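The block underneath contains the structure these notes are about, expressed in structure tokens.
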Amino acid sequence: MNDTITRVEDIAPIKHAEAMELAETEYRRFTDMLGQLRPEDWDKQTVNDAWNVRQLVAHVLGFADSNGSIRENAHAMRLGRKRAKEKGYDHFIHGVNEVQVEEREHVTPAGLVARWATAWPKALKGRRRFPPFLRWIPIDFGPVIGKKPIGPYLMDVCYTRDTWMHRIDVARAAGLEPSLTPEHDGRLIEEMVAEWAELYDLSVTLHLEGPAGGTYVRGDGGDELTIDAVEWIWTLSGRGTGTGLLAKELPL
């Protein structure tokens, strides 16, 4: 853990150039983790709904495919919105998730690994070249988050967060130790700390332990919490149950 005390108000937002560097690193780490999976790991249950490891990897692949292809993205959005409407989901993204996993249900673990190897560079290229005139169009992320611009929030930040969090999901399901560093994972975590603390207007002192951690203070730092950095966002994202500060969700 970094012993330096960081004022939340001083945390710089992740801008496009840095965001793409973080995205590339995360895609590479996800690739490395896939290479560590044993044959028996692919059927292990994850914390994500009813998905096992294979289905969760298919989900991550689905969004990489969408990020790398305008046609694939339009296809997934069209069918996903239709599915969400049919099932009465509170947000269309749940329908998109279902469709993407179902369409890759037939792909073997080896096939998923092979497809991921070709998909993520295209996804990175698509995110890097996302049209500037579309970047500031707001989209609704649902309760808590609300409306955010598609470029700076979704393309630059959220897709990397999603891949990162699912790397943790897969690692925990398979009993693997995820690669964590202050430079990469710590940067992602501190940006989430800033969003979370500002979202709820918290006066808080947050001691996050582990290689991705640090100490963060906002306002007068009145409320204090000490927890492992990964466990912190694991809980806030709804994967665990928390009380007090840990009940203030940050959906991922």
- Could you tell me whether any residue of segment 143-153 is under 30 Å from Gly35 (Cβ atoms), touching a residue at least 40 places away in the same chain (Cβ under 8 Å) and within 20 Å of the chain's Cα centre (by Cα)? no
- Note on the structure: Flagged in segment 88-117 as open to solvent by 60 Å² or more (accessible area, probe 1.4 Å), in contact with a Gly (Cβ under 8 Å, 6 or more places away or on another chain) and not in a helix (DSSP H, G or I), in numbering order, are Tyr89, Asp90
- Message: Tell me yes or no: at least one residue of segment 54-72 is closer than 25 Å to Arg172 by Cα, touching a strand residue (DSSP E or B) at 6+ places or on another chain (Cβ under 7 Å) and not small (Gly, Ala, Ser).
- Response: no
- Message: Can you say whether Gly238 is at pLDDT below 95 and more than 16 Å from the chain's Cα centre (by Cα), as far as the supplied structure shows?
- Response: no
- Message: Checking Val8 against (1) touching a residue at least 40 places away in the same chain (Cβ under 8 Å); (2) under 25 Å from Ala64 (Cβ atoms): exactly one of these is not met. Which one?
- Response: (2)
- Task: Determine if segment 202-215 includes at least one residue that is surrounded by fewer than 17 Cβ atoms within 10 Å (Cβ to Cβ) and in a helix (DSSP H, G or I).
- Result: no
- Item | Among (1) closer than 17 Å to Leu252 by Cβ; (2) in contact with a Gly (Cβ under 8 Å, 6 or more places away or on another chain) - the single one Leu79 does not satisfy | (1)
- Asp185 being free of Cβ contacts under 8 Å to residues at least 60 places away in the same chain and open to solvent by 30 Å² or more (accessible area, probe 1.4 Å): no
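Take the residues in segment 216-252 that are among the hydrophobic types (A, V, I, L, M, F, W, C) and either in a loop (DSSP other than H, G, I, E, B) or free of Cβ contacts under 8 Å to residues at least 24 places away in the same chain (or both); name whichever of them is least open to solvent (accessible area, probe 1.4 Å).
Among those that are among the hydrophobic types (A, V, I, L, M, F, W, C) and either in a loop (DSSP other than H, G, I, E, B) or free of Cβ contacts under 8 Å to residues at least 24 places away in the same chain (or both), it is Leu250.
Which one is surrounded by the most Cβ atoms within 10 Å (Cβ to Cβ), of the residues in segment 135-167 that are of a type in the set (D, E, K, R) and within 23 Å of Arg71 (Cβ to Cβ)? Quick ask: steps written out before the conclusion?
Step one: of segment 135-167, the residues of a type in the set (D, E, K, R) are 135, 140, 147-148, 156, 161-162, 167.
Among the residues that remain, those that are also within 23 Å of Arg71 (Cβ to Cβ) are: 135, 156, 162.
Working: Arg135: 16, Asp156: 25, Asp162: 16.
So the residue we want is Asp156.
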- Task: Among what's in segment 29-48 and is open to solvent by 60 Å² or more (accessible area, probe 1.4 Å), in contact (Cβ under 8 Å) with a residue 40 or more places away in the chain and not in a loop (DSSP other than H, G, I, E, B), pick the residue that is farthest from Trp164 (Cα to Cα).
- Result: Pro39
- Query: Among Ala74, Ala17, which is the only one that is modelled with pLDDT under 95, small (Gly, Ala, Ser) and either out of contact with any His (no Cβ under 6 Å at 6 or more places or on another chain) or in a helix (DSSP H, G or I) (or both)?
  - Reply: Ala74
- Which ones in segment 64-87 are of a type in the set (Val, Ile, Thr) and crowded, with 18+ Cβ neighbours inside 10 Å? none
- Task: Would you check which residues across segment 124-134 are among the basic types (Lys, Arg) and open to solvent by 40 Å² or more (accessible area, probe 1.4 Å) and list them?
- Result: Lys125, Arg128, Arg129
- Message: What pairs come out if I take residues in segment 82-99 that are in contact (Cβ under 8 Å) with a residue 40 or more places away in the chain and basic (Lys, Arg) and pair them with residues that are open to solvent by less than 70 Å² (accessible area, probe 1.4 Å) and in a helix (DSSP H, G or I) whose C-beta lies under 9 Å away, six or more apart or interchain?
- Response: none
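Quick check, is Ala173 open to solvent by less than 10 Å² (accessible area, probe 1.4 Å) and within 17 Å of the chain's Cα centre (by Cα)?
Taking the combined requirement at face value, the residue does not satisfy it.
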- Restricting attention to segment 149-194, the residues that are closer than 19 Å to Asp41 by Cβ and β-branched (Val, Ile, Thr) number exactly 3
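The values are calculated or read from the model by the stated rules, or taken from the named source; none is laboratory data. Please read all numbers here as calculations on a predicted model, not as lab measurements. Ideal geometry is used to build each Cβ from the backbone, glycine not excepted, and the neighbour counts take in all protein chains shown. We work out accessible area using only protein heavy atoms, side chains counted, and drop any ligands, DNA or RNA first. Shrake-Rupley method; radii C 1.70, N 1.55, O 1.52, S 1.80 Å.
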